[in-house]
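Undergrad: The structure that follows is given in the form of structure tokens.
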Amino acid sequence: MSIFSNNIRFLRGKRNLSQQSVANELTISRVRYSKYENGISEPPIELLVKMSKYFHVSIDLLVSVDIRKYPMEEMLKLPDNRIVLPVAVDHQGNDTIEIIPQKASMGYLEGYSDVGYIESLQRIALPFLTNGKYRAFPADGDSMPPFRNGSYIVGKYVEGIPELKPGKTYVFITLNDGITYKRFKEIKGNSICVSADNSFYEPYDIPFEEVVEIWQYASGIFPEDFEPGDYENYNFKEMFRELKQDIQKLDKKVSGRRKS
């Protein structure tokens, strides 16, 4: 048995999955997958990459570290537990800011660790942003005013979850929600609690294992002015939120009277 075979057996067990279900996700036969777990054979690089993404563990850790010896929360302190973050530089060797386009934002989950994908993105340089790695992400929705559709949020790469600061805003890249911009509230067990600045939306928790990358807000790019009327829309939604709460309270009172 190798470190790799022990690791994939362990990761499958942590998820309470059968060999067949994992094999189905990897589009291979159960017999072929069982040979990898038993150390009889080793997967080709293409399948190794696929396993890495499926188990959300870097290839370096899969093949070289016995992850059974470490708590999973420790393994997840680094986003995607990657050792190297793909970056792009200009012809002088200086770091540049990659821009994730609006139309291709969902594709970022597939290409965030691919050097070729990162190099294909458009890039800009902002001289006032130094001492760190920065990337620009598209704003989507109305949960974080004053960012509206068409705006870009420039974030500074965060090495790990322990570096998050309560009250600060971050771009979270997660397996379920993709790119989301939220305010960090607190760590709750094996998850982080985040909230939107638009109070129409309720705070929610993101499990550690769903976090791929974290970027702390550094600057914003606004192609269009944020008009005063836009704030009225948020107030309008706040009114509906309060109305919804009043209806829920009234419903509880009516239900209580029916029981009595």
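Undergrad: For LEU129, what accessible area in Å² do you get when you roll a 1.4 Å probe over the heavy atoms of the protein chains, rounding to the nearest 10?
TA: It works out to around 30 Å².
Undergrad: Anything over 25 Å Cα to Cα? Flag those among LYS14/LYS53; LYS69/LYS188; LYS50/LYS185; LYS53/LYS133; LYS133/LYS168, in the order listed.
TA: Table pairs above 25 Å Cα-Cα are LYS50/LYS185.
Undergrad: Okay, moving on. Report the net charge of residues surrounding TYR33, where surrounding means a beta-carbon distance below 15 angstrom and charges are Lys +1, Arg +1, Asp -1, Glu -1. Mind dumping the intermediate values first?
TA: Details: positive: ARG9, ARG12, ARG15, ARG30, ARG32, LYS35, LYS50; negative: GLU25, GLU37, GLU42, GLU46.
Taking every other residue near TYR33 into account, the sum is +3.
Undergrad: How long is the gain from ILE187 to LEU250 if the chain were fully straight, where each residue apart is worth 0.36 nm and the alpha carbon distance is subtracted?
TA: 19.3 nm
Undergrad: Which cross-chain or sequence-distant (5 or more) residues have an amide H under 5 Å from the amide H of ILE192, H modelled 1.01 Å from N in plane?
TA: Amide H neighbours of ILE192: ILE206, PHE208.
Undergrad: According to the Cα gyration tensor, what semi-axes, each the square root of 5 times an eigenvalue, does the equivalent ellipsoid of region 96-221 have, listed from largest to smallest in whole Å? Kindly include the intermediate steps, with their values, before the conclusion.
TA: Numbers: eigenvalues 97, 52, 44 Å².
The three semi-axes for region 96-221 are 22, 16, 15 Å.
Undergrad: Tell me whether region 3-76 comes out rounded, prolate or oblate; compute the Cα gyration tensor, take square roots of the eigenvalues as a ≥ b ≥ c, and use a/c under 1.5 as the rounded threshold.
TA: prolate
The values are calculated or read from the model by the stated rules, or taken from the named source; none is laboratory data. Predicted model only: the values in this text are computed from it and were never measured. So basically every Cβ, Gly included, is an ideal-geometry build from the backbone, and we count neighbours across all protein chains shown. When the accessible area is computed, the model is the full protein with side chains, heavy atoms only, and any ligands, DNA or RNA have been set aside. Shrake-Rupley method; radii C 1.70, N 1.55, O 1.52, S 1.80 Å.
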